[in-house]
Amino acid sequence: MRVSPIRALALLLLAVLLTAGCARREPVPDAAALQARSQALIDAGNSLYRARDYSDAAKRYGAAVAVKPDDPAAHFGLAMALTKLGRDEEAREAYTRARELAQQARGAAPGADTTR
């Protein structure tokens with residue numbers, strides 16, 4: 001029995017597609033694991049900041065932002081380190097985002113004056 005090249009290619013493609021769903025997938029971290037990872041990065045950033053290693057502190061805070069983008073502490077730490085590095089515009093953006101997230105966490109509307 002001879003199989004045409006097109007049919008052979010179609011069967012090969014079908015086999016690949018069927019087995020692609022069987023590939024091992026990494027488990028998605030739960031919220032508690034993400035929070036713990038983010039906090040560990042923030043703690044590392046805090047230690048580096050206290051040691052006046054602002055560049056590496058900014059990297060750790062930035063990694064914490066990547067792990068948990070809704071964590072105001074990560075954005076605030078990043079803003080502090082960026083300020084020390086003279087990256088004022090980026091620092092302002094990070095401070096603003098930290099304030100917005102903190103207000104959201106407290107239930108205040110973003111942009112509301114909460115200084116009183």
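The values are calculated or read from the model by the stated rules, or taken from the named source; none is laboratory data. Note that this is a predicted model, so its numbers are computed, not measured. Here the Cβ is made from the backbone with ideal geometry for all residues, glycine too, and neighbour counts use every protein chain on show.
Brief remarks follow.
- Residues (buried (at least 22 other Cβ atoms within 10 Å of the Cβ) and under 16 Å from residue 90 (Cβ atoms)) located in region 41-64: 45, 57, 58, 60, 61, 64
- Condition check for residue 34: under 20 Å from the mean Cα position of the chain (by Cα), surrounded by 14 or more Cβ atoms within 10 Å (Cβ to Cβ) and modelled with pLDDT under 95: yes
- Any hit, region 6-16, residues being at pLDDT 75 or above and of a type outside the set (A, V, I, L, M): yes
- When 93, 26, 89 are screened for being modelled with pLDDT of 95 or more and exposed (fewer than 11 other Cβ atoms within 10 Å of the Cβ), only 89 passes.
- If you go through region 73-93 and pick out every residue that is in contact with a helix residue (DSSP H, G or I) (Cβ under 6 Å, 6 or more places away or on another chain) and over 19 Å from residue 50 (Cα atoms), you end up with 1.
- Test: residue in region 52-67 that is out of contact with any Asp or Glu (no Cβ under 6 Å at 6 or more places or on another chain), on the phi > 0 side of the Ramachandran plot and at pLDDT 95 or above: yes
- Pairs, first closer than 12 Å to residue 73 by Cα in region 37-50, second β-branched (Val, Ile, Thr), C-beta under 7 Å, six or more apart: 38/67; 41/67
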